[in-house]
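The structure under discussion appears below in the form of structure tokens.
Readers should treat all values here as calculations from the given coordinates under stated rules, not as data from a laboratory. In this text, all values refer to a predicted model and were calculated from it rather than measured experimentally. Note: ideal-geometry Cβ built from the backbone for every residue, glycine included; neighbour counts use all protein chains shown.
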Amino acid sequence: MFRLALKSLLNRRGTVLLTVFTIALSTALLVGVERVRSEARSSFASTLSGTDLIVGARAGTVQLLLYSVFRLGEPTANVSWATYQQIAAAPAVAWTVPISLGDSHRGYRVLGTTGAYFEHYRFGNRQPLAFAHGEPFAGVYEAVLGSEVAAKLGYSLGDDIVIAHGIGRVSFSNHDDKPFRIAGILAPTGTPVDRTVHVPLAAIEAIHLDWQSGTRLPGRGISAEQALTHDLTPRSITAFLVGLKSRVATFQLQRQINEYRGEALSAILPGVALQQLWSLTGVAENALRLVAACVVIVGILGMSTALLTTLNERRREMAILRSVGARPRTILGLLCLEAMSLTLAGIVLGVLLLYAILAAVRGYAASQFGLFLGLGLPTAAELYALAAIFSAGLVAGMVPAWLGYRRSLSDGLAVRT
């Protein structure tokens, strides 16, 4: 029966190839949507670990998470340095990492922080940051680059870079009077850290001493050497990460910060914020799944239509098979086997096509969107999707198979005019 089904399909190779390719495209789309969805969630979830609270100016939970961790969007306001020091000195706090955003270098975000960033920041499964080259910054005008920044821009240790005011890819407001020397390059992490330029908090103050409201003050230039003689203690920061001595105190400290009377603050739990982010993107994810499922249905119906169309042309073939001893259930099995073969071939080709596309675009997706698309084996959800496609193809093939089963021997041998 398998050999007979194969020869029958080869005899109609043009229609068969078109049908298989249609199923392959729909399979690649459905499984691709699931792969991108799961990898996006994995990439976001692995960006930050080991941090109990993120504190910033009063804002929405998701907004605070996006700009403080993923470098997306803009903060509503800053946190005063005095407030930061007061919270950092709380008995329940084990460590804090202040961060200051607002500048950039050739389209990459600049993050002002302290040495605590390299000591306490964790990603993935509580993995610490590691240096591929060099060491953390020590001087005011030293910088540590993420792996992607160094690779894309061709930087190495000892090179000088100039920071631009604002976060635009192209800026005409450069802090070119205070260049930074590259002291270290971080190892790849697969997180926004790779696309960040890290400088000391004191450097953020130094480069803005002769600036006000986003513009350089005319006639009040302060050189890099002169800036070092000023008090470079930050007046404010964008946000800060908090690690606690005991997680039992997490909710108590969060409530105290949210009710802080000195200024309007928000303290969020990273895991809870991520869940809220998933709830916001869930509608879009379901819409993409629905579109992909509709494409699969169209592909399966196309296969069923192709089988029905050729069934009328194969009336004589079916009759000859019946005349040499084939039973009706043999015809039923033959047509079901053809439908199963077409669906299975489409699924295999679709998976291969998907992996080829992923291999081609994964570099671009990582550099442009920070989305790391893995080439691992299909996940359980993807296998369920493939099984659903196979089952749908088998069910759709039952319609022409049943019609072939019901036709009599004389139907194929009779001459129609």
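What the table shows:
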quantity	calculated
Separation in nanometres of the label points that stand 7 Å from Cα toward Cβ, at F390 and R3	2.6 nm
Per-residue Cβ neighbour rank within 10 angstrom, fewest leading, S147, S156, S173	S156, S173, S147
Computed FRET value (nearest 0.05) for L232 with T76, which takes r as the C-beta separation and R₀ as 25 Å	0.50
Residue-span extension gain [A360 to E263] - 0.36 nm each, minus C-alpha spacing	30.0 nm
Percent of beta bridges antiparallel (DSSP, the stretch 53-268, rounded to nearest 5)	80 percent
Net length gained if the chain between C294 and D159 were fully extended (0.36 nm per residue, minus Cα distance)	43.3 nm
Sorted by Cβ neighbour density within 10 Å, fewest at the top, the residues V395, V62, V283	V283, V395, V62
Loop sites in the stretch 23-72: trypsin sites (Lys or Arg not before Pro), DSSP, at most 16 other Cβ within 10 Å	R58
Amide H within-cut-off set for G102, under 5 Å, with H built and near neighbours excluded	V110
Those trypsin sites (Lys or Arg not before Pro) in the stretch 231-310 that DSSP places in a loop and that have at most 15 other beta carbons within 10 Å	R235, K245, R261
Amide N proximity, the stretch 248-264 versus A88 label position 7 Å along Cα-to-Cβ, cut-off under 18 Å	257, 263
Cα-projected label distance for T250 with E135, points at 7 Å along beta-carbon direction, nm	3.5 nm
Cleavage-rule hits, trypsin sites (Lys or Arg not before Pro), the stretch 128-195, DSSP coil, Cβ neighbours within 10 Å at most 15	R169
Computed FRET value (nearest 0.05) for L18 with L352, which takes r as the C-beta separation and R₀ as 25 Å	0.90
Calculated FRET value between S49 and V399, using beta carbons and R₀ = 51 Å, to 0.05	0.50
